[in-house]
Amino acid sequence: MDQQLAHALADELVELTRSLADLAYDLGSDSDTLRRHMVSIQSVDRITQAQLAIADILRSDAPVAARIDGVTLETLADRLRERVAGNA
């Protein structure tokens, strides 16, 4: 993938992540909404973490294995390893 495109996509992911995180914060600020939708709001947090990890991968020029090893979300790293290996 072209490096400029990869960086542009990473920037877009970061912007989307900020918007999603702001939305989750707004929803979580209301105690009734937080109680009713705690699991969903936590899911939004996992999604934002994954988006930032993907943005980091897109920006990196390290070998693929090293990029994936840098992902701190274990389930995401495992899925990426499987997909890169052609098992998914």
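Every number here is computed from the coordinates shown, using simple stated rules; none is lab data. Here the structure is a predicted model, which is why all the values come from computation and not from measurement. All Cβ positions, glycine included, derive from the backbone under ideal geometry; neighbour counts span all protein chains shown.
Test of understanding: extend the Cα→C-beta vector of His7 to 7 Å, then name every residue of region 48-88 with backbone N under 18 Å from that spot.
Counting backbone N atoms under 18 Å from the label point, the list is 54-63.
Once you have a ≥ b ≥ c as the square roots of the Cα gyration tensor eigenvalues for region 12-88, tell me rounded if a/c is under 1.5, and otherwise prolate or oblate according to whether a/b is larger than b/c.
Taking the square roots of the gyration eigenvalues as a ≥ b ≥ c, region 12-88 is prolate.
Please arrange Leu5, Leu27, Leu13 by how many other C-beta atoms lie within 10 Å of their C-beta, fewest to most.
With the fewest neighbours first, Leu5, Leu27, Leu13 line up as Leu5, Leu27, Leu13.
Just to confirm the number: angle between the C-alpha axis of helix 3-29 and the first principal axis of the chain, 0 to 90 degrees, nearest 10?
Between the helix axis and the principal axis of the chain, the angle is about 20 degrees.
Roughly speaking, what is the stretch gain from Ser60 to Arg79, that is 0.36 nm per residue apart minus the C-alpha to C-alpha distance, in nm to one decimal?
Full extension from Ser60 to Arg79 adds 5.0 nm.
Name the residue, out of Ala62, Ala24, Ala50, whose mean-square fluctuation peaks in a Gaussian network model built on the chain with Cα pairs under 10 Å.
Ala62
Nearest 500 deg cm²/dmol is fine: what mean residue ellipticity at 222 nm does the chain get from its DSSP H runs of n ≥ 4 alone, each adding -39,500 (n - 2.57), divided by its residue count? Intermediate values should be presented prior to the final figure.
Numbers: 5 runs with 72 residues, N = 88.
Using -39500 (n - 2.57) per qualifying helix, the result is -26500 deg cm²/dmol.
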